[in-house]
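Input: a single structure, listed below in C-alpha cells.
The values are calculated or read from the model by the stated rules, or taken from the named source; none is laboratory data. Being a predicted model, the structure only gives us computed values, none of them experimental. Positions of Cβ are generated from backbone atoms using ideal geometry, with glycine treated the same way; all protein chains shown enter the neighbour counts.
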Amino acid sequence: MAMLEIKNLSVVVDSRQILNGLNLTVNKGEVHAIMGPNGAGKSTLAHVLSGKAGYEVTGGEVLFEGKNLLELPADERAAMGVFLAFQYPLEIPGVATMTFLRTALNSQRKKRGEPELTTPDFMKRVRDGAAKLGIAQEMLRRPVNVGFSGGEKKRNEVLQMALLEPKLCVLDETDSGLDIDALKIVAEGVNQLRSPERGFVVITHYQRLLDYIVPDIVHVLAKGRIAKTGGKELALELEANGYAAFQDEAA
C-alpha cells in the first residue's frame, strides 16, 4: 500500500480552479520533488494535504496509509504523521520556542495514546537536534520565529520536523530566502531524516535545492496537474529550458 495516494484531486480557491485532476503516489522511503511555475498549484497542494482552511476540494480523494485524509482536521493529520514546513513560517509573539516545541510534541503523543515526555528527555532531544542544525540555545528561548532570519526560521522548522518524526514531510519552498550556507544546513537536516519509513514531498522552483536534497522522482506541476514525471535529471532539464513547454502540454 502506498503511503500517500492522490487521485484526480481538484481544488478551487476563491472561485478559481487551482488543482485540476492531480494524481500523485508517494511510497515509504521516497523523496518526490514537485517543480513548476508560479500559479501552478504547488503551495495549494501542500496546504490541502496539511488541512489548511480556505481550500475547496471539488473532486478526487487523498488517502494517507489508506485513510481519507480530507475528512480529518489538521491536528488529526499531524498526529497521523503529516508535517508541513511552510514557505513563510509564522511568527508567534509571546510564545517561547521551547514551549511551542514541547506543546506540539506532547499534544501529538497524547493524540496517539503515548505518554508525554519528561522534561529531561525533552531537553535532551531538543539540544541534540539543535546542535545538528546549528541552532543556538539562546534562539530557543526567544518567541517562535520573532526576529529570526530566513535561515533561522527554516532551521527551526527542520528542528520541529526532527522532534515530531513525521511519516510524511511536505516542504513548501523551503529554499525561499536562504543563502547557500543556510540552504546547506537545512538540506543536511532534511537528509538526516531520510529513512525507509518516511516519505518526502519537496516543493521548489529551483534546481539548486535538489543538488543537496537529491530526489528519487521529479514531477512538473503545470495548470493544476502533473505534466511530466522523471528522474533527477528532469530538474536539470527544467533549469536549462524553463517551464513553457510543460505549460503548453498541460493546457
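Per-structure values
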{"quantity": "Set Glu76, Glu71, Glu61: member being charged (D, E, K, R) and in contact with a strand residue (DSSP E or B) (Cβ under 8 Å, 6 or more places away or on another chain)", "calculated": "Glu61"}
{"quantity": "Sole exception among (1) free of Cβ contacts under 8 Å to residues at least 12 places away in the same chain; (2) under 22 Å from Lys28 (Cβ atoms); (3) of a type in the set (Asp, Glu) for Glu197, by number", "calculated": "(1)"}
{"quantity": "Some residue of the range 175-183 being at pLDDT 90 or above, out of contact with any Gly (no Cβ under 9 Å at 6 or more places or on another chain) and of a type in the set (A, V, I, L, M, F, W, C)", "calculated": "no"}
{"quantity": "Unique residue being outside any loop (DSSP other than H, G, I, E, B) and in contact with a strand residue (DSSP E or B) (Cβ under 6 Å, 6 or more places away or on another chain) when the list is Thr174, Thr229", "calculated": "Thr229"}
{"quantity": "Flag for Gly51 being in contact (Cβ under 8 Å) with a residue 60 or more places away in the chain and under 30 Å from Ala235 (Cβ atoms)", "calculated": "no"}
{"quantity": "Number of positions in the range 115-127 that are under 15 Å from Glu165 (Cβ atoms) and loosely packed, with under 12 Cβ neighbours inside 10 Å", "calculated": "1"}
{"quantity": "Residue list for the range 202-226, filter: part of a helix (DSSP H, G or I) and either in contact (Cβ under 8 Å) with a residue 24 or more places away in the chain or of a type in the set (Val, Ile, Thr) (or both)", "calculated": "Gln207, Arg208, Leu209, Leu210, Tyr212"}
